[in-house]
Amino acid sequence: MQLYKGEWFPRYTTMYFISLGLLAASLPLSKFTMSLFQFSTLFFWLWHGVDTSFLKKYSSGSFLNPANLARVTVDVIKNVFIALFHKFIEFFRNKPAMVIASIMLLHVAGLIYTTDFAYAIKDLRTKLPIFILPLFIATGPRISTRTFYRILAVFIAAVVGGSIYRLILFLELPVADSRALAAHTSHIRYSLNAVFAVFIALYFINSEKVKNIGLKVLFSAVAIWLVAFMTYMNYSTGILIFAFIGVLLLLYLTFRIKSIVLKSSILIGIGTLIILPVIYILSISFTFLNTPPADFSKLEKYTPRGNTYYHDTLNFKSKNGIWTGLYICDKELRQAWAERSTLPLDGYNKKKQMNRYTLIKYLASKDLRKDADGVSQLSADDIKNIELGIDRYDVSNLPGLRTQVEDFIISYQRYINVKDPNSSSMVQRFEYWRTSLLLIKQSPVIGVGTGDLPNAFDEQYRTMNSNLAVQYRLRSHNQYLSITVAFGIIGLAWFLFAMFYPGIKTAAFNNYFYVIFWIIFMISMLTEDTIESQEGVTFYVLFTALMILGREKTEPKENILH
């Protein structure tokens, strides 16, 4: 009985595609399985191009003979290495693949003048997919349109599953803070996956290739669910990117309409959709910044128990046009709080915020005065919320746009007036960007090197006496700035070339999926170090390689024009 029948080895191709699909499914779910399925992809990729005809000369009983087993092993290794040699030759001749992989080589070149090799090696390990995934996909089995669609379907299913998992975890949190979820992947990286999944679903809803009405309804439900989920979870990055691309797509489709009347009507509608939120935000800002000053002469001076009130409009800003720091009696607050909680009023709660400030804001949110009577009207759940650091009673409702705008203004004013950037993640980014620009100014041409970014940022924060808390002293939160800090203007120029060239060379900018994905990725790098994490770098390289390196050249692509 012969060992080789010409049946098993062709199946590696199917397993290779399954492995790629599971790798795509891992993006919104798990960093561990991301690594696992990269290894499995490597295993099945190794068999591609291997001439296994040599196995015909061996029978199944050959393994009982140690000498034959050794010969089989040698033959397998030899033929795998021959195939590897040809795959690397093919890879080095593929210019788009090499340009994508050159981002990794840019980081390798940064080792020449780095001083922190420990961090540099860790960084290179994170970015290894930039090299290996283009290698696998550019030289592996070609991906048909049907296989590509199946990979996208598995990816969408994983994104939806991830949303359900995240929602369950969120509903169990004591504080309604979606950023506090321990869901195996970053909420920002997840939102990028969700936005891409929405636009994939929209494509299939509109595609003539999907004729089944049930499938179109399913894709519609997926798109609606994911947009609603991101809105409910307050994933602002995903929501803004979705809105931006949505407007671009609407404009593109509108200009294809021949009817001037219909085209004008749609353009007016799009303009209205853009202008109304801007007007609303400006009105919130104006109301907040122009809240009428409190007329202290008309405010009551004494509590029902005869103690004196005081009114603080300096430390407590307005909320929804109402001053939160009116009618404060610290004497009564201290006594009443001690009767309801074991935590000291001047101590800190679970969010490392002073209980006094949280209590005052919480009472204001319930329109209660900050005295003994106000505290007495708080329930046991209210007291527990305050101890957890919750400063409003309607914690089950996520902050609306008004609250977010007001909080940003307060944080920004605090940043400008007292140089404190700690109260808002967006304001913290201003400090990151300012620090990045100062570092670029010091080494503008070649940067500080691959491994020296953390040390460079730490030193710069100390040099400029930044008030940023130690736990918030992070890197640029802007990939373009991070690249420039590490590799200078030369590195940034090459990085941008690597972002544009593969799509131009392969005409991928005519492809719906690639254009949507590329825009999502490029926008995300404005406020995030997207490729500095395993999730971000794998998200970028996997889909880029699938769409422009791995597809069958003889099959029709998904043209933007449909």
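Examine segment 283-290 for a residue that is within 24 Å of the chain's Cα centre (by Cα), among the hydroxyl-bearing types (Ser, Thr, Tyr), surrounded by 14 or more Cβ atoms within 10 Å (Cβ to Cβ) and assigned to a helix (DSSP H, G or I), and state whether such a residue exists. There is no residue in segment 283-290 that is within 24 Å of the chain's Cα centre (by Cα), among the hydroxyl-bearing types (Ser, Thr, Tyr), surrounded by 14 or more Cβ atoms within 10 Å (Cβ to Cβ) and assigned to a helix (DSSP H, G or I). Evaluation of MET499 against the conditions (1) over 18 Å from ALA101 (Cα atoms); (2) without any contact (Cβ under 8 Å) to a residue 24 or more places away in the chain shows that the sole unmet condition is (1). For segment 364-384, filtering for residues that are at pLDDT 85 or above, within 35 Å of the chain's Cα centre (by Cα) and not charged (D, E, K, R) leaves 2. Of all residues in segment 438-445, none satisfies being closer than 30 Å to GLU532 by Cβ, part of a loop (DSSP other than H, G, I, E, B) and at pLDDT below 90. If only residues of segment 237-259 that are surrounded by fewer than 17 Cβ atoms within 10 Å (Cβ to Cβ) and of a type outside the set (A, V, I, L, M, F, W, C) are counted, the one that is nearest to GLY269 (Cα to Cα) is THR254.
Regarding ARG166, is this residue out of contact with any helix residue (DSSP H, G or I) (no Cβ under 6 Å at 6 or more places or on another chain), in contact (Cβ under 8 Å) with a residue 60 or more places away in the chain, among the charged types (D, E, K, R) and not in a loop (DSSP other than H, G, I, E, B)? Walk me through how you get there before you give the answer.
Numbers: out of contact with any helix residue (DSSP H, G or I) (no Cβ under 6 Å at 6 or more places or on another chain): yes; in contact (Cβ under 8 Å) with a residue 60 or more places away in the chain: yes; among the charged types (D, E, K, R): yes; not in a loop (DSSP other than H, G, I, E, B): yes.
Yes, satisfied.
Among the residues that make up segment 403-418, is at least one of them assigned to a loop (DSSP other than H, G, I, E, B), at pLDDT 80 or above, more than 24 Å from TYR232 (Cα to Cα) and among the aromatic types (Phe, Trp, Tyr)? No, every residue in segment 403-418 fails to be assigned to a loop (DSSP other than H, G, I, E, B), at pLDDT 80 or above, more than 24 Å from TYR232 (Cα to Cα) and among the aromatic types (Phe, Trp, Tyr).
Restricting to segment 322-354, what's the tally of residues that are within 34 Å of the chain's Cα centre (by Cα) and either modelled with pLDDT of 90 or more or surrounded by fewer than 20 Cβ atoms within 10 Å (Cβ to Cβ) (or both)? Working first, answer last.
Restricting attention to segment 322-354, the residues satisfying the condition of being within 34 Å of the chain's Cα centre (by Cα) are 348-354.
Then keep just the ones that are either modelled with pLDDT of 90 or more or surrounded by fewer than 20 Cβ atoms within 10 Å (Cβ to Cβ) (or both); that gives 348, 350-354.
Residues meeting the conditions: 6.
Pairing residues of segment 280-307 that are more than 16 Å from ILE322 (Cα to Cα) with residues that are at pLDDT 75 or above and among the hydrophobic types (A, V, I, L, M, F, W, C), at Cβ distances under 8 Å and at least 6 apart in sequence or on separate chains, gives ILE281/VAL405; THR303/CYS329; THR303/ALA372; ARG305/ALA372; ASN307/CYS329.
The values are calculated or read from the model by the stated rules, or taken from the named source; none is laboratory data. Note that this is a predicted model, so its numbers are computed, not measured. With ideal geometry, Cβ positions are generated from the backbone for all residues, glycine too; neighbour counts draw on all protein chains shown.
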